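The values are calculated or read from the model by the stated rules, or taken from the named source; none is laboratory data. This is a predicted model, so every value here is computed, not measured. Cβ: placed from backbone, ideal geometry, glycine included. Neighbour counts: every protein chain shown. Areas reflect the complete protein model, heavy atoms only, side chains present, ligands, DNA and RNA absent. Shrake-Rupley method; radii C 1.70, N 1.55, O 1.52, S 1.80 Å.
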Amino acid sequence: MSRPGPVPSAGLIGSLPPGHRERLLTLAHEVDHPALTRLFEEGGRADRFWIVRTGTVALDIHLPGHGPAVVETIGAGGLVGWSWLCPPHEWHLGAETRSQVEAWQFDAAEVRAMCAAHPEFGLPLVTLVAETIGRRLRATRTRLLDLYGPQPGAPSP
């Protein structure tokens, strides 16, 4: 696999120790997606994930009666998709590119197998993904409160 351009110093890849980073990148496939490409839908099968090299991806949640609400935008170095790690491997959010995106795409089953075969690699990777899950849950909660929570000065129900 060839990897044009530098490896991002931030995000999941940049946070892994160099040996683990190189091990993970052996499973990467370079992909390009034009703007406004739907990567996945909430509830769909989570069988892959991406690490953004360039561009941005919006994560959204479907709100009945309101349609999708963007809860976070992911840029260079960011992980798109964590549901691949946790059974039942179904997407918890949706994702759409906001601009042209170049990314590394990973097959979830291959990465899970590598984690199981090499726990010294798997534990740091799973820990970084768990940190991402925590940040995303906090960001989603904050965004939904901003959109639909009580407004200052509004009467209480």
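Summary table below
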read-out: Whole-angstrom gap from the stretch 6-78 to the stretch 87-108, using each part's C-alpha centre; value: 5 Å
read-out: Listed peptides 11-22, 45-56, 88-99 by packing density, highest first (mean Cβ within 10 Å); value: 45-56, 88-99, 11-22
read-out: Per-residue HN-Hα couplings for the stretch 48-53 [Karplus 6.51, -1.76, 1.60; θ = phi - 60°; Hz; x = Gly/Pro]; value: 7, 8, 10, 10, 6, 9
read-out: Reported label for calculated Cα Rg over 2.2 N^0.38 Å given (i) 0.93; (ii) 1.11; (iii) 1.75; value: (ii)
read-out: Carbon and sulfur %, accessible surface of the chain computed with the full protein complex present, 1.4 Å; value: 58 percent
read-out: For the stretch 58-157, size of Cβ-based charge dipole, Lys and Arg +1, Asp and Glu -1, in debye; value: 360 debye
read-out: Karplus-derived 3J(HN,Hα), 6.51/-1.76/1.60, for each residue of the stretch 125-133, Hz, glycine and proline x; value: 5, 4, 4, 5, 5, 4, 4, 5, 4
read-out: MRE, 222 nm, helices only [DSSP H, n ≥ 4, -39500 (n - 2.57), over the chain, to nearest 500]; value: -10500 deg cm²/dmol
read-out: Solvent-accessible area per residue for the chain (1.4 angstrom probe, square angstrom); value: 53 Å²
read-out: Label-to-label distance, nm, for residues given as Val70 and Glu131 (7 Å Cα→Cβ offset); value: 2.6 nm
read-out: From phi via Karplus (6.51, -1.76, 1.60), per-residue ³J(HN,Hα) for the stretch 109-120 in Hz, x at Gly/Pro; value: 4, 5, 5, 4, 5, 5, 4, 5, 6, 10, x, 5
read-out: Residues His89 and Ala35, FRET efficiency given R0 of 35 Å [Cβ-Cβ distance, rounded to 0.05]; value: 0.80
read-out: Student exercise, the stretch 33-102 dipole from Lys, Arg, Asp, Glu Cβ charges, in Debye to nearest 20; value: 160 debye
read-out: Nonlocal amide H pairs with Arg53, under 5 Å, H built at 1.01 Å; value: Gly77, Glu102, Ala103, Trp104
read-out: Potential lengthening between His62 and Leu123 on full extension [0.36 nm per residue; Cα-Cα distance subtracted]; value: 18.8 nm
read-out: Thr54 versus Leu27: modelled label distance in nm, points set 7 Å from Cα along the beta carbon direction; value: 2.7 nm
